[in-house]
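Laboratory data are not the source of any read-out in this text; all were calculated from the coordinates shown. On a predicted model such as this, the values are computed, not experimentally measured, just so you know. Reconstructed Cβ throughout: ideal geometry from the backbone, glycine too, with neighbour counts over all protein chains shown.
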Protein chains: 2
Amino acid sequence: MKHTEKIDDFIYETTYWTLFLNPDQYYLGRAVVVAKRKVKDLANLSNDEWLDFAKLIKKYESALRKAFGATMFNWTCLMNDAYKNNPPDPHVHWHVRPRYAKPAVFEGIEFEDREFGHHYARHTDCEVPTEILIKIIKQIQNNL
Amino acid sequence: MKHTEKIDDFIYETTYWTLFLNPDQYYLGRAVVVAKRKVKDLANLSNDEWLDFAKLIKKYESALRKAFGATMFNWTCLMNDAYKNNPPDPHVHWHVRPRYAKPAVFEGIEFEDREFGHHYARHTDCEVPTEILIKIIKQIQNNL
């Protein structure tokens, strides 16, 4: 989880989870939610961790609708990369991709969700300048 | 949700969720978990629905490890298709794809996860004969 080393992409934390902005902002507001505890599988989450995650979903979705007009959200827990290692070293985290029926415009940049209504695209690699990433984070935080 | 019309793909139900086998069995044991209540977004699930879902994850993952030797699992809540309609008509459901470090063999058929350690493949469309689907369901049920 390289996210823990980077301070700049921190958005928010709850008792059990930390939220980081994904540097790939093709889907504006795309983020990663990482369990604070070293937990390997969804099956090992506690009830408290689940309910805290549920609250975070509600909070993040609401913030993204207000901040950028997101329409809906794709949530995934995959953890495939951890199984490239031997032994595997999974650490529970979620990816959230806000999806947009209409292009979102932020700081003069248009973010267009060309696949809306379809599976998210992979290999999007839409890296925006650091100063814009920081403004995206601020805009989300102001709506949380 | 066409799943509600098909009886044959029913695997299991809990208080708040129903589990159906996906006809595409490229990832052996791939299934869909559908909320019984008409609920549009993860943000609208109740605490009871979340904790019931958490229990189902635990139960299903354990059953799949025993039934077929699954290594790990990809869980996704996407709901993109519902936004092809106007107005959109989302209904909360999850996809689970069991992933396999080594090919699984069931009823003489080899199920190979060629992307293990990577994002799941799309457009796999591995439809197996109905009698095999029924046996897959039975095998899962016997391990639940």
(request) Per DSSP H run of n ≥ 4, the term is -39500 (n - 2.57); total these for chain A, divide by its residue number, and report the mean residue ellipticity at 222 nm rounded to 500 deg cm²/dmol. (result) -8000 deg cm²/dmol
(message) Shape verdict for the protein assembly as shown, please, from the Cα gyration tensor: rounded (a/c under 1.5), prolate (a/b greater than b/c) or oblate.
(response) prolate
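Tell me the net charge near A:Trp50. Cut-off is 12 Å between Cβ atoms, A:Trp50 excluded, with +1 for each Lys or Arg and -1 for each Asp or Glu.
-3
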(message) Could you tell me which residue out of B:Thr124, B:Ile137, B:Thr14 lies farthest along the dipole of chain B toward its positive end? Charges go on the beta carbon: Lys and Arg +1, Asp and Glu -1, centred on the Cα centre.
(response) B:Thr14
(request) Mark the label point 7 Å from the Cα of A:Asp41 along Cα→Cβ and return the residues of the range B:115-144 whose backbone N is within less than 18 Å of it. (result) B:116-118, B:140-144
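Using the per-residue mean of other Cβ atoms lying within 10 Å as a proxy for protection, in what order, highest first, do the peptides A:124-132, B:71-79, B:132-140, B:109-117 fall? List each step's numbers first, then the result.
Details: A:124-132: 12.6, B:71-79: 20.1, B:132-140: 17.4, B:109-117: 15.3.
In decreasing order of mean packing, A:124-132, B:71-79, B:132-140, B:109-117 become B:71-79, B:132-140, B:109-117, A:124-132.
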(request) Please average, across the residues of A:30-43, the number of beta carbons from any other chain that are within 10 Å of each residue's own beta carbon, and give a whole number. (result) 2
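Counting Lys and Arg as +1 and Asp and Glu as -1, each charge on the Cβ, what is the dipole of chain A about the Cα centre in debye, to the nearest 20? Kindly include the intermediate steps, with their values, before the conclusion.
Details: 20 positive and 20 negative charges, 77 e Å.
Approximately 360 debye in magnitude.
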(message) Give the aspartates and glutamates whose C-alpha is closer than 17 Å to that of B:Lys58, dropping any in the same chain fewer than 8 places away, or say none.
(response) A:Asp41, A:Asp48, A:Glu49, B:Glu13, B:Asp48, B:Glu49
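Can you give the FRET efficiency to the nearest 0.05 for B:His91 and A:Lys58, using r as the Cβ-Cβ distance and R₀ = 22 Å? Don't skip to the end; give the middle numbers.
Values: r = 18 Å, r/R0 = 0.82.
About 0.75, to the nearest 0.05.
Suppose a student asked you for the relative contact order of chain B, using Cα pairs under 8 Å spaced at least 6 residues apart; what percent would you report?
On the way: 228 pairs, mean separation 44.1, N = 144.
For chain B, the relative contact order is 31 percent.
Anything over 30 Å Cα to Cα? Flag those among B:Lys36/B:Lys135; A:Lys138/B:Lys38; A:Lys138/B:Lys55; A:Lys40/B:Lys84; B:Lys102/B:Lys135; A:Lys55/B:Lys36, in the order listed. Working shown, then result.
Details: B:Lys36/B:Lys135 25 Å; A:Lys138/B:Lys38 35 Å; A:Lys138/B:Lys55 36 Å; A:Lys40/B:Lys84 35 Å; B:Lys102/B:Lys135 21 Å; A:Lys55/B:Lys36 21 Å.
Pairs exceeding the cut-off: A:Lys138/B:Lys38; A:Lys138/B:Lys55; A:Lys40/B:Lys84.
What percentage of all Cα-Cα pairs in chain B are separated by more than 25 Å?
Details: 2753 of 10296 pairs.
When all Cα pairs of chain B are counted, 27 percent exceed 25 Å.
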